[in-house]
Amino acid sequence: MAKIGTLFTVSAPSGAGKTSLLKAVAGQLDHFSISVSTTTRTMRPGEQDGVDYHFATQQDFNNRVAQGEFLEHAEVFGNMYGTSVLDVERALDAGDDIVLEIDWQGAQQIKKRMPSVVSIFILPPSRKTLEERLQGRGQDDAEVIANRMASAINEISHYTEYDYVIINDDFEVAKAELSSIISAERLKLAKQQLKHRQLIDDLL
C-alpha cells in the first residue's frame, strides 16, 4: 500500500489556543490524529497517561533518547518532551495524517529529518489577549505566567520558518482555516495520484 499520510507540525506560544483548535479539527476529520508526546512533567488534574501525554521519569526519557526512540525531543519550561518515531511511522504507513503539537525547537528537528513535513504556526490576536488567556487558566502562579510570556515572544519570532500562519482571534474561523490547510494538502497532485491511481489509469 502506498504511503499517503502527511505529517503536520503545529506550533504556537503557550496560550494561543493550538490544543483546543487541534482537538476540534481532529473530531471532524477522518484519518487524522494528534500525536501523543512523552513528557517528564508532572501530570495535571484531569489528564490521563497515554491520552494527553505518555508520562515518564527523567531516567526513562534519557534511556529512550539514547536508544533513538524519539523523532525529536526538547526541553520546555524545565521539562522534557519527545515524539515517538514508531507512533509517527505507524500512522503514515497506514495512510493517515498525524499532527505534532510542538514548539519551534522540535519543529526544526522534524524539518531536518523529514523535509516533506507541513508546518503551521498559530498566533494570538494580540499580546494582551495572550496574557489574558494564560491568566484565565487558573493553574499557574504569577511567576510562571511571567516566564511563559517572556518565552512567548521568542516562540513567536520563529513564525517565518513555517509554511502556514493562522491567527486565532475567532475560534470558528481559525478552526475552519486549519481544516482547510489539511484538506488542501490532501488534494495535492502527488497525494491524489497515489490515492486514485486506478481511477486515473482507467480514465487515461
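Bear in mind these aren't lab numbers, they're just calculated from the coordinates by the rules spelled out. Note that the structure is predicted; figures quoted are calculated from it, not measured. We place every Cβ from the backbone using ideal geometry, glycine too, and count neighbours over all the protein chains shown.
Table for the structure above
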| read-out | value |
| --- | --- |
| Taking 87, 141 and counting other C-beta atoms within 10 Å, the order from fewest to most | 141, 87 |
| Translational diffusion coefficient (Stokes-Einstein; Kirkwood radius from C-alpha pairs) of the range 119-188 at 25 °C, 0.890 mPa s, in µm²/s | 180 µm²/s |
| Residue exposure sequence - 160, 83 - by fewest surrounding Cβ within 10 Å | 160, 83 |
| For 81, 162, order by how many other beta-carbon atoms lie within 10 Å, fewest first | 162, 81 |
| Pair residue 201, residue 150: separation of 7 Å Cα→Cβ label points (nm) | 6.1 nm |
| Cα pair count fraction exceeding 32 Å, expressed as % - the chain | 18 percent |
| Size of charge dipole - the range 1-153 - debye, nearest 20, with Cβ of Lys, Arg +1 and Asp, Glu -1, no other charges | 420 debye |
| Computed E for residue 128/residue 44 - FRET, C-beta separation, R0 30 angstrom, nearest 0.05 | 0.70 |
| Shape category assigned to the range 1-77 from the gyration tensor of Cα positions, a/c cut at 1.5 | oblate |
| Estimated FRET transfer efficiency (residue 180, residue 117; beta-carbon r; R0 22 Å; 0.05) | 0.75 |
| Anisotropy class of the range 71-187 from Cα gyration tensor, a/c 1.5 cut | oblate |
| Stokes-Einstein D in µm²/s, Kirkwood radius over Cα pairs - the range 6-46 at 20 °C with 1.002 mPa s viscosity | 175 µm²/s |
| Candidate aspartates and glutamates - alpha carbon under 15 Å from residue 23, same-chain residues fewer than 8 apart omitted | 47, 52, 97, 101, 172, 177 |
| Of 18/191; 128/175; 18/195, those spanning more than 23 Å from alpha-carbon to alpha-carbon | 18/191; 18/195 |
| Gain upon complete extension [residue 142, residue 170; 0.36 nm per residue less C-alpha separation] | 7.4 nm |
